[in-house]
Amino acid sequence: MNHQKSPAAIEDCYPLSLLQQGMIFHGLQHPHLSLYHDVLLYRLNLSWHETAFRAVLDHLMARHAMLRTLFNLQQQRPLQLVLKLAEAPLSVQDLSTLSEEQATQRLDEWVQQQKTAGFDFAALPWRMCVHLLGADKLVLGLSFHHALWDGWSLANLVNELLTLYGQYCRTGQLGSMPPPPQYKHFILCEQKALTDSVQQAHWQRFADAALPWWSGKRERSSAQHLLQISQGQSEQLVALAAALRVQEKSLWHAVYLLLLSQLCGTDDVVGSVVVHGRPEIVDSDKTIGLFLNTLPVRMQLSGLTFAQLLQSCERQLGELQWLKHFPLAAVQQQTGLDFSASMFNYTHFHVYGEHGSDAVMAGGSTFEETNYQLAFQLARAHHSGSYQLHLCLDPAVFDHGMGQRLLGCVTQILTAMLADANQRLDRVVLVEQVQLQQLAAFNQTAVNVERPALAQWFEQQVRQTPTAIALVSAAQRLDYAELNRRANRLAHRLIAVGVGPDVPVGLCLERSVEMSVAVWAILKAGGYYVPLEPSYPVERLHQLIRSSNIAVVVAAAGACDIVTMPLSVQLLDVQAAGGTDENPVVPLSGDNLAYLLYTSGSTGQPKGVAISQTALLNRLDWMQRQYQLTAADAVLQKTPFSFDVSVWELLWPHLCGARLVMARPQGHLDPDYMAATIRAEQISLLHFVPSMLQAFLQHNGWQHCDSVRQVICSGEALNRALVSDFYAKGGRRLDNLYGPTEAAIDVTAQHCAAAEQGAVAIGKAIQNVALYIVDEHLRPCPLGCSGELLIAGLSLARGYVGQGARTAECFIPNPYGEPGSRLYRTGDLACYLPDGSIRFMGRLDQQIKLRGMRIEPAEIEVVLCSMPAVTAAVVLVSKDADAELKLIAYVVSQLTESQLRSALAVQLPAYMVPAAIVRLDAMPLNANGKLDRKALPAPVWSPQVYQAPQSDIEQRLAQAWAALLQLPQVSRLGHFFELGGHSLLSIQLLSRIRLLFKVELSIDILFSKPRLYQQAQAIERLLLLDGLDDQLLETMSEAQAAALLEQLQAD
């Protein structure tokens, strides 16, 4: 029935509370979830008199305004309207002729019908149905929207209903009771709190809170799990609370916080707790309405005992009393944080046992959905005094077994707390024994690796297949014997200048035959190679050479002179004559180093990670066991050799008789070249960073790369949509690998099946590797709970060259392994899944992966702050309008963006120079005096000086730039990479240029000529070159034609 009446039918109207608005909004936003639609069934031993029951219900309708309230959502400001008169929405269903089983089925159907029906808010948003089961037995069904009233109000309503019903049945009289205060008083309290500056200041302290990893929107109905605490243990808990002089609610609040600590692997716990905000006026406890509020709580558990935690919770809950009217929605708006990840609610409604009638409450059921992804709801049974814990979990976030595992954790917490309340929390393992055994089983990865040193393994393969093609680079093709001869000659030259075991050799070469020859030569000489990217700034190269104590650099003649000046380093020309063809004999142990790679460092200095022969042999042996490379395979080497994926690309094929194809320099950024090479060389296995795979799949050439049997992804998080796209476009097999530079390339692997759903795991540990997920005290985290990922086993690096303190900080003694073994602290947040695979969940620090490249923003900050004119700097990663990740630097300085960018380019690789630099007068700070990252302004992707594009080519090219970079206009002086462009967008730009101008512009041109007018000139010259016909050339002398063509091609 629609009760929308004329003003004469309205008794009162007032605004909705913010919580009411939020509940209604979330319900309308996700109607399929039935959020905040509660359905309750009360089983009563009670004789039925319908006339008496309706009379009592009419009396309650007159007494409680909330029973006559509906919601007007059509106005700009939603209102609740109290009707003067309204008919109770009561129905009666006779089930007395049905069997018990049939009656139960009908009750279940009624519950589901109610959940499905929802509410029309222009009518009364509650319904009641009495289900008659037989003689003196009935079920009272109540269906209502939670925005009407809270649990205490519901208990009051049921209590009054049963009390008055019993009284009316006995006497025929209802008596008179004064009406309680109305709900509008609560609205006034809330509005007053919202203007209280002291309360506003309190909530600012949460601005830098780290929310639980699963924070997000609810998408599916929750899974409910029940833990029934025995009466005996319940009594012990009541006694413990009394002994410590805390409320029972405080004790359970502590259990909730400990559970969150286990889930998140941290002592700094952020949750939320339901508080009751009834106004402090006479008889307000009898008012029906929604007096709930959910407020954020934050607790630091470090160093506390159980007893101290309970007492801290008592103080915390007490402090919330003066904040109880400040609505959660306002807290979230003020802090910019969403606190709907979890909620603790404690209910103990003694009034259920005080209705004073002949009715006996024989039991009941509650069906409720909230907007919280984890709801910890604790109730104390009114009849037995025992506790019941209802744990409601979002199945889109937590696997189906998580509920029982968390209840097991609660049991462990309660047992430990009752055993000794004075023991420290950080010394208690709260994971059940059966789970500890399961976690240990995941690390049973031992495999015997019987391989010689890398150089000898390669030489064995040379003897087996000397004439097979080993290496292809452009027009050059080397068989295994020739590759070995060239490597031997260079190895003997290296030995002659002092290279031997554990001696570093700098390698400064473009991708080529010579690069492969040099890598094998260095390993044959017993040394380890240190990549020196020719494209790096000279100062950066000098820094790497000094920090790794390089005395010899292998390079192409004349290509690397600037690197060695003014250092005392010997330059060895990779192509010079000398040396002999015989395999060098160099005694090596597994502890000797194989390579040294540099990663970004948070102290401002790059970190040199030293990997041993043993670690690399284990990794390559696993890869061969896993993927079975044969002489029929061809592997594409396309990863820049300063990144560890290049190590297996360069070495693994030559250990198995396969063919290694070297992509041309920068060729990995050109999808046309890549597709052509894959087809021409019949590449069967190759690697992609996920973002590069996405770009390549968008290219038409991929559909004709039928030879590829295996694609390997690593370096970034791989999403399910990309996996689906891979298989939809004909991909045959895709695996996701994970590993930090500090552990020989990769330590986990996961096959990504086409039919799988959900987040893509990083997989299980490879052979001879153990993985631990621990909290801040190195205690194991339960399955499905997040913590820091630690690595042990053969794959670990020796450490950071020349950085002993940093090595000791990151490579720590292993409490789970053999004496003397170590753990590497990755700083990655992860969790174990039930099958033993691992899900990557982010970082514990600010380190980022940007298109596969590991970057410590702090290193860029240190370089910026070393400039005399810079007083403060912060670097972070942000998404642009296309959800592309980009580095943004915020700087307090008088220097221009161009000056800052130029200074950075002298010291950092191009991928570490921020896409945007925002100059500020001062850094924004929060109430705690810390940097307020949310207050940093978004960068504006536009040039400082605008010059309109001139020619037709410039104008069309500018339109392509603007579309890709999401800019309203582009200056002809604009710099593609300074405006937010990067390697992936450059690939898309090449495709657009191809479509617009029908010319093939190389990727090198985009990098060497990054400004719009420069690229337009290059396109114009290509168009002119294409337009030169044979007749024109015939009119020129041979020298003139050759000179013209040479000039155009050079341009």
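The values are calculated or read from the model by the stated rules, or taken from the named source; none is laboratory data. The shown structure was predicted, so the numbers you read here are calculated from the model rather than taken from an experiment. Counting neighbours? That spans all protein chains shown, and the Cβs are built from the backbone with ideal geometry, glycine included.
Among the residues of segment 225-284 satisfying the criterion of being in contact (Cβ under 8 Å) with a residue 60 or more places away in the chain and acidic (Asp, Glu), which is farthest from THR415 (Cα to Cα)?
ASP283
Which of the residues belonging to segment 395-411 are crowded, with 21+ Cβ neighbours inside 10 Å and more than 20 Å from ASP835 (Cα to Cα)?
Answer for segment 395-411, where residues must be crowded, with 21+ Cβ neighbours inside 10 Å and more than 20 Å from ASP835 (Cα to Cα): just VAL410.
So which pairs qualify, if the first residue must be in segment 794-805 and in the same structural domain as TRP622 (by TED's automatic domain parsing) and farther than 30 Å from GLU450 by Cα, the second must be in a loop (DSSP other than H, G, I, E, B) and not polar (S, T, N, Q), the Cβ gap must be under 8 Å, and the two must be at least 6 apart or on different chains?
From segment 794-805, no pairs qualify.
For segment 672-724, which residues satisfy the criterion of being farther than 28 Å from ARG843 by Cβ and of a type in the set (A, V, I, L, M, F, W, C)?
Hits for segment 672-724 are MET674, ALA675, ALA676, ILE678, ALA680, ILE683, LEU685, TRP702, CYS705, VAL708.
Quick check, is LEU320 touching a strand residue (DSSP E or B) at 6+ places or on another chain (Cβ under 7 Å), assigned to a helix (DSSP H, G or I) and not basic (Lys, Arg)?
Numbers: touching a strand residue (DSSP E or B) at 6+ places or on another chain (Cβ under 7 Å): yes; assigned to a helix (DSSP H, G or I): yes; not basic (Lys, Arg): yes.
In short, yes.
A quick yes/no check of all residues on (1) in a loop (DSSP other than H, G, I, E, B); (2) within 29 Å of THR639 (Cβ to Cβ); (3) touching a Lys or Arg at 6+ places or on another chain (Cβ under 7 Å):
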position	(1), (2), (3)
HIS777	yes, no, no
GLY784	yes, no, yes
GLU788	no, yes, yes
ALA797	yes, yes, no
PRO815	yes, no, no
ASP828	no, yes, yes
MET841	no, yes, no
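Output the number of residues of segment 42-83 satisfying the condition of being over 20 Å from ILE187 (Cα atoms) and touching a strand residue (DSSP E or B) at 6+ places or on another chain (Cβ under 8 Å).
Just the residues of segment 42-83 that are over 20 Å from ILE187 (Cα atoms), to begin with: 42-62.
Filter once more, so that each one left must be touching a strand residue (DSSP E or B) at 6+ places or on another chain (Cβ under 8 Å): 42-46, 48, 50, 53-54, 57.
Total meeting the criteria: 10.
Could you say whether any residue in segment 943-950 is crowded, with 16+ Cβ neighbours inside 10 Å, out of contact with any Lys or Arg (no Cβ under 9 Å at 6 or more places or on another chain) and in a helix (DSSP H, G or I)? Give the derivation first.
Taking segment 943-950 first, the residues crowded, with 16+ Cβ neighbours inside 10 Å are 943, 949.
Of the ones still in play, those that are also out of contact with any Lys or Arg (no Cβ under 9 Å at 6 or more places or on another chain) are 943.
Add one more test, that the residue is in a helix (DSSP H, G or I), and what stays is none.
Among the residues of segment 943-950, not one is crowded, with 16+ Cβ neighbours inside 10 Å, out of contact with any Lys or Arg (no Cβ under 9 Å at 6 or more places or on another chain) and in a helix (DSSP H, G or I), which makes the answer no.
In segment 746-778, what residues are of a type in the set (D, E, K, R) and either under 19 Å from the mean Cα position of the chain (by Cα) or surrounded by fewer than 18 Cβ atoms within 10 Å (Cβ to Cβ) (or both)?
Step one: list which residues in segment 746-778 are of a type in the set (D, E, K, R), which gives 746, 756, 764, 775-776.
Those that are of a type in the set (D, E, K, R) and either under 19 Å from the mean Cα position of the chain (by Cα) or surrounded by fewer than 18 Cβ atoms within 10 Å (Cβ to Cβ) (or both): GLU756, LYS764, ASP775, GLU776.
Conditions (1) in contact (Cβ under 8 Å) with a residue 12 or more places away in the chain; (2) acidic (Asp, Glu); (3) in the same structural domain as LYS607 (by TED's automatic domain parsing); (4) under 18 Å from ALA744 (Cβ atoms), marked per residue:
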site	(1), (2), (3), (4)
GLU776	yes, yes, no, no
TYR816	yes, no, no, no
GLY820	no, no, no, no
CYS831	yes, no, no, no
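Which residues, counting only those in segment 533-560, are closer than 12 Å to TYR598 by Cα and in contact (Cβ under 8 Å) with a residue 60 or more places away in the chain? Full working, then the answer.
Filtering segment 533-560 down to residues closer than 12 Å to TYR598 by Cα leaves 533, 540-541, 543-545, 547-548.
GLU533, ARG540, GLN543, LEU544, SER547, SER548, listed by residue number.
Could you identify the single residue in ALA52, ALA62, ALA88 that is within 29 Å of PRO178 (Cα to Cα), surrounded by 15 or more Cβ atoms within 10 Å (Cβ to Cβ), at pLDDT below 95 and more than 50 Å from the chain's Cα centre (by Cα)?
Details: ALA62 fails: surrounded by 15 or more Cβ atoms within 10 Å (Cβ to Cβ); ALA88 fails: more than 50 Å from the chain's Cα centre (by Cα).
Among ALA52, ALA62, ALA88, only ALA52 is within 29 Å of PRO178 (Cα to Cα), surrounded by 15 or more Cβ atoms within 10 Å (Cβ to Cβ), at pLDDT below 95 and more than 50 Å from the chain's Cα centre (by Cα).
Return yes or no: is PHE376 modelled with pLDDT of 90 or more and crowded, with 16+ Cβ neighbours inside 10 Å? Steps first, please.
On the way: modelled with pLDDT of 90 or more: yes; crowded, with 16+ Cβ neighbours inside 10 Å: yes.
It is true that PHE376 is modelled with pLDDT of 90 or more and crowded, with 16+ Cβ neighbours inside 10 Å.
Can you tell me which of (1) part of a loop (DSSP other than H, G, I, E, B); (2) surrounded by 14 or more Cβ atoms within 10 Å (Cβ to Cβ) is the one HIS202 doesn't meet?
(1)
Which residue out of LEU1023, LEU1044 is farther than 28 Å from ALA905 by Cβ, at pLDDT below 70 and not acidic (Asp, Glu)?
Numbers: LEU1023 fails: at pLDDT below 70.
Exactly one residue qualifies, and that residue is LEU1044.
Between residues in segment 463-475 that are assigned by TED's automatic domain parsing to the domain that holds ILE683 and residues that are among the hydroxyl-bearing types (Ser, Thr, Tyr) and at pLDDT 95 or above, which pairs lie under 7 Å by C-beta distance while being six or more apart or on different chains?
THR465/TYR480; PRO466/TYR480; ALA468/TYR480; ALA470/TYR480; LEU471/SER516
Working only within segment 476-498, note down all residues that are closer than 13 Å to ASN583 by Cβ and without any contact (Cβ under 8 Å) to a residue 60 or more places away in the chain. Working first, answer last.
Here is the first cut: in segment 476-498, the residues closer than 13 Å to ASN583 by Cβ are 480-481, 483-492, 495.
Matches in segment 476-498: ALA481, ARG486, ALA487.
Quick one: is GLY527 in contact with a helix residue (DSSP H, G or I) (Cβ under 7 Å, 6 or more places away or on another chain) and on the phi > 0 side of the Ramachandran plot? I'd like the intermediate steps shown before the answer.
Values: in contact with a helix residue (DSSP H, G or I) (Cβ under 7 Å, 6 or more places away or on another chain): yes; on the phi > 0 side of the Ramachandran plot: no.
So GLY527 does not fit the description; no.
Select from segment 442-462 the residues that are in contact (Cβ under 8 Å) with a residue 12 or more places away in the chain, over 16 Å from ALA658 (Cβ atoms) and polar (S, T, N, Q) and write down the one among them that is surrounded by the fewest Cβ atoms within 10 Å (Cβ to Cβ).
If we take residues in segment 442-462 being in contact (Cβ under 8 Å) with a residue 12 or more places away in the chain, over 16 Å from ALA658 (Cβ atoms) and polar (S, T, N, Q), then THR445 is surrounded by the fewest Cβ atoms within 10 Å (Cβ to Cβ).
Can you confirm whether LEU389 is more than 29 Å from the chain's Cα centre (by Cα) and over 22 Å from ARG779 (Cβ atoms)? Please lay out each step first, then the result.
Values: more than 29 Å from the chain's Cα centre (by Cα): yes; over 22 Å from ARG779 (Cβ atoms): yes.
Here the answer is yes, as LEU389 does meet what is asked.
Just the residues that are touching a strand residue (DSSP E or B) at 6+ places or on another chain (Cβ under 7 Å) and not hydrophobic (A, V, I, L, M, F, W, C), please, taken from segment 84-100.
Residues satisfying the conditions are LYS84, PRO89, SER91, GLN93, ASP94, SER96.
Considering only residues of segment 11-39 that are at pLDDT 90 or above and aliphatic (A, V, I, L, M), which is farthest from GLY277 (Cα to Cα)?
Applying the filter and picking the extreme gives VAL39.
Got at least one residue in segment 506-513 being outside any loop (DSSP other than H, G, I, E, B) and more than 39 Å from the chain's Cα centre (by Cα)?
So the first thing to find is which residues in segment 506-513 are outside any loop (DSSP other than H, G, I, E, B), and the list is 506-508, 513.
Filter once more, keeping what is more than 39 Å from the chain's Cα centre (by Cα): 513.
Looking through segment 506-513, at least one residue is outside any loop (DSSP other than H, G, I, E, B) and more than 39 Å from the chain's Cα centre (by Cα).
Looking at LEU188, LEU174, LEU133, LEU161 in this structure, which one is of a type outside the set (D, E, K, R) and assigned to a strand (DSSP E or B)? Explain how you work it out, then say what you get.
Values: LEU188 fails: assigned to a strand (DSSP E or B); LEU174 fails: assigned to a strand (DSSP E or B); LEU161 fails: assigned to a strand (DSSP E or B).
Just one listed residue meets the conditions, LEU133.
If you check ILE766 against the conditions, is it touching a Lys or Arg at 6+ places or on another chain (Cβ under 9 Å), closer than 28 Å to TRP652 by Cβ and of a type outside the set (Gly, Ala, Ser)? Explain how you work it out, then say what you get.
Values: touching a Lys or Arg at 6+ places or on another chain (Cβ under 9 Å): yes; closer than 28 Å to TRP652 by Cβ: yes; of a type outside the set (Gly, Ala, Ser): yes.
Here the answer is yes, as ILE766 does meet what is asked.
For segment 80-112, enumerate the residues that are among the hydroxyl-bearing types (Ser, Thr, Tyr) and either in a strand (DSSP E or B) or under 27 Å from LEU60 (Cβ atoms) (or both).
Residues of segment 80-112 among the hydroxyl-bearing types (Ser, Thr, Tyr): 91, 96-97, 99, 104.
Answer for segment 80-112, where residues must be among the hydroxyl-bearing types (Ser, Thr, Tyr) and either in a strand (DSSP E or B) or under 27 Å from LEU60 (Cβ atoms) (or both): SER91, SER96.
Is there any pair linking a residue in segment 514-529 that is under 14 Å from GLU459 (Cα atoms) and modelled with pLDDT of 95 or more to one that is part of a strand (DSSP E or B) and small (Gly, Ala, Ser), with Cβ under 7 Å and at least six apart or on different chains, and which?
Qualifying pairs under 7 Å: LEU523/ALA594.
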